[in-house]
Each structure stands twice: as structure tokens, then as C-alpha cells.
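Structure first, commentary second.
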Amino acid sequence: MGAAVRDVVRDVVTAVAPQELPLLDGLSDLDEGRVTQFFARPGRRADLLGFGIDEVSALVTPVVWMAVDETARRAVGAVADSFVRRVSAGLRRMSGRAPQDPPPVPPLTADQLSAVHRRVRELAGASSVGRPQAEALADAVVSRLARELGGTPDTRPAAGGRQGSEPEPGG
């Protein structure tokens with residue numbers, strides 16, 4: 001099926017920015033849809049977290065969350081039904097229901113992994129994350145997402161090494 005956005009984010013944050021795990025743990029009471037909504041509205045973050053936007057903008061957790069969330073939604077064709085999403089979001093707001101959780105992240109193709117790498121770098125740059133850290137963060141996200149490939153030997157990230165399992169000896 002695929003990994004949950006929260007699980008992918010936790011794995012990447014643990015590897016790249018373990019000091020941010022308390023932030024991620026603090027969001028554990030929120031469903032994935034609400035966390036996405038929280039990170040998509042930077043003006044509200046400071047109020048909810050209890051500190052200013054300058055401190056929040058340099059965090060990698062929102063960058064990873066938004067990139068993985070976008071990836072999951074696009075991979076299952078959510079872009080094509082944006083009208084339905086907007087109408088549904090309006091109905092949820094009126095009824096007080098939580099935003100829809102993102103779908104699980106499915107295995108991605110090499111082109112999709114390359115697009116994720118670019119998107120993480122873009123989001124990181126917009127969040128004042130330095131270029132070397134943005135590159136390392138993008139590498140970590142793609143590495144984690146590539147684990148969802150399930151050993152498909154013909155799917156490789158365009159800029160990196162071979163993903164998937166090695167061929168069996170003699171076969």
C-alpha cells in the first residue's frame with residue numbers, strides 16, 4: 001500500500017534533525033490533515049507553538065511534511081480532482097470536520113523521486129534552510145521514499161545510485 005506521511009516524516013526527521021522530534025511529538029494529537037493545514041499556514045504556527053515565526057521558518061519538519069504530503073496527494077491523482085477537494089474542504093469547514101488525511105505514499109518512479117528532490121530543495125530554500133542542509137534533507141527524503149519501491153530493480157532515482165534489491169547470484 002504505502003507509508004503514512006507521518007511515518008515518512010518521522011524517519012527523515014529522526015535521521016536529519018532529531019532535535020525536532022519534540023515538535024513532531026507535539027503534533028501527535030492532530031490527524032495528518034490538520035498537521036498539513038497547520039504547516040500550510042505559517043501565520044498561525046507561532047500562535048499554536050508559543051514562539052515566533054522566525055524560529056519556525058528554519059525547521060526542517062514543515063519542509064519534509066509538506067513535500068511528502070504533496071507527493072502522496074499527487075501520486076494518487078489528487079491534482080486532477082482539485083475542484084472536488086475545494087468543495088469538500090468547504091463542506092468540512094462548515095461542518096467543523098477535520099481536513100482529509102493525505103493518502104499513503106505509494107512507491108514512486110525515478111522521475112517522481114527526482115521531482116520530490118527538487119521540491120524539498122525549493123521548500124527548504126523558502127524556509128531559510130541553508131543550501132547544504134537543503135540538499136542533505138532532499139537526499140534523506142528521497143532515500144526514505146525509495147524504500148517504498150519494494151525492490152523493483154528497474155526504478156532508480158535519476159541522480160543517484162541503484163535503488164531496490166541486488167539481483168540474486170546466478171539469476
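Laboratory data are not the source of any read-out in this text; all were calculated from the coordinates shown. Everything numeric in this text was worked out from a predicted model, so none of it was measured. Backbone-built Cβ (ideal geometry, glycine too); neighbour counts: all protein chains shown.
Listing for the model above:
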item	result
Nonlocal amide H pairs with Ala3, under 5 Å, H built at 1.01 Å	Val105
Order by protection proxy (mean Cβ within 10 Å, highest first), peptides 13-26, 61-74, 114-127	61-74, 114-127, 13-26
Karplus-derived HN-Hα couplings along segment 113-127 (A = 6.51, B = -1.76, C = 1.60, θ = phi - 60°), whole Hz, x at Gly and Pro	5, 5, 5, 4, 4, 4, 5, 4, 4, 4, 5, 5, x, 5, 9
Length added when fully stretched, Arg147-Thr14, from 0.36 nm per residue minus Cα-Cα	46.3 nm
Gain on full stretching of the segment that runs from Ala40 to Glu135 - 0.36 nm per residue minus C-alpha separation	32.0 nm
³J(HN,Hα), Karplus 6.51/-1.76/1.60, whole Hz, each residue of segment 14-28, x for Gly, Pro	4, 6, 9, 9, x, 5, 8, 4, x, 4, 4, 5, x, 9, 5
At R0 = 22 Å, FRET efficiency that the Cβ-Cβ distance of Asp31 and Arg74 yields, to 0.05	0.65
